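Below: the structure, in structure tokens.
The values are calculated or read from the model by the stated rules, or taken from the named source; none is laboratory data. Since the model is a prediction, treat every value here as computed from it, not as a measurement. Counting neighbours? That spans all protein chains shown, and the Cβs are built from the backbone with ideal geometry, glycine included. Ligands, DNA and RNA are stripped out before the accessible areas are found, and what is left, the full protein with its side chains, is counted by its heavy atoms. Shrake-Rupley method; radii C 1.70, N 1.55, O 1.52, S 1.80 Å.
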Amino acid sequence: MNRVNPKYVLRNHLAEVAIGKARGDAGLRDFSEVARLLKVLERPYDEQPQFESYAQEPPEWARTLELSCSS
């Protein structure tokens with residue numbers, strides 16, 4: 001089962017947080033979250049205990065996020 005189903009996938013809420021930090025929504029632009037996501041997603045099928053939080057269910061605030069291509 002683990003061979004065909006990755007443990008780590010890019011979820012909307014993970015991308016939203018990384019984009020917000022890189023954009024500088026809270027002040028300075030910070031690309032560290034983008035780098036962390038890239039690192040964990042390079043090995044999506046492997047156990048990576050240091051990134052366990054990236055495999056969890058979305059937080060409550062993210063349950064209603066929707067993807068939109070319109071501006």
Per-bin percent of Cα-Cα distances, the chain [5 Å]: 3, 15, 22, 23, 21, 11, 4, 2, 0
The chain, dipole about Cα centre (Lys/Arg Cβ +1, Asp/Glu Cβ -1), debye to the nearest 20: 200 debye
The chain - percent of accessible surface contributed by carbon and sulfur, probe 1.4 Å: 55 percent
Distance (nanometres) between label positions extended 7 Å along Cα→Cβ at K7 and E42: 1.7 nm
FRET efficiency estimate (nearest 0.05) - Cβ-Cβ, E57 to A35, R0 30 angstrom: 0.80
Student exercise, region 25-65 dipole from Lys, Arg, Asp, Glu Cβ charges, in Debye to nearest 20: 140 debye
Whole-number accessible area per residue in Å² for the chain, which is evaluated in the context of all protein chains at 1.4 Å: 80 Å²
Net length gained if the chain between L28 and E66 were fully extended (0.36 nm per residue, minus Cα distance): 11.1 nm
Computed accessible area, D25, all protein chains, 1.4 angstrom probe, square angstrom: 100 Å²
Percent RCO, i.e. relative contact order, over the chain, from Cα pairs under 8 Å lying at least 6 residues apart: 39 percent
Per principal axis, descending, Cα span of region 2-41 in whole Å: 40, 17, 8
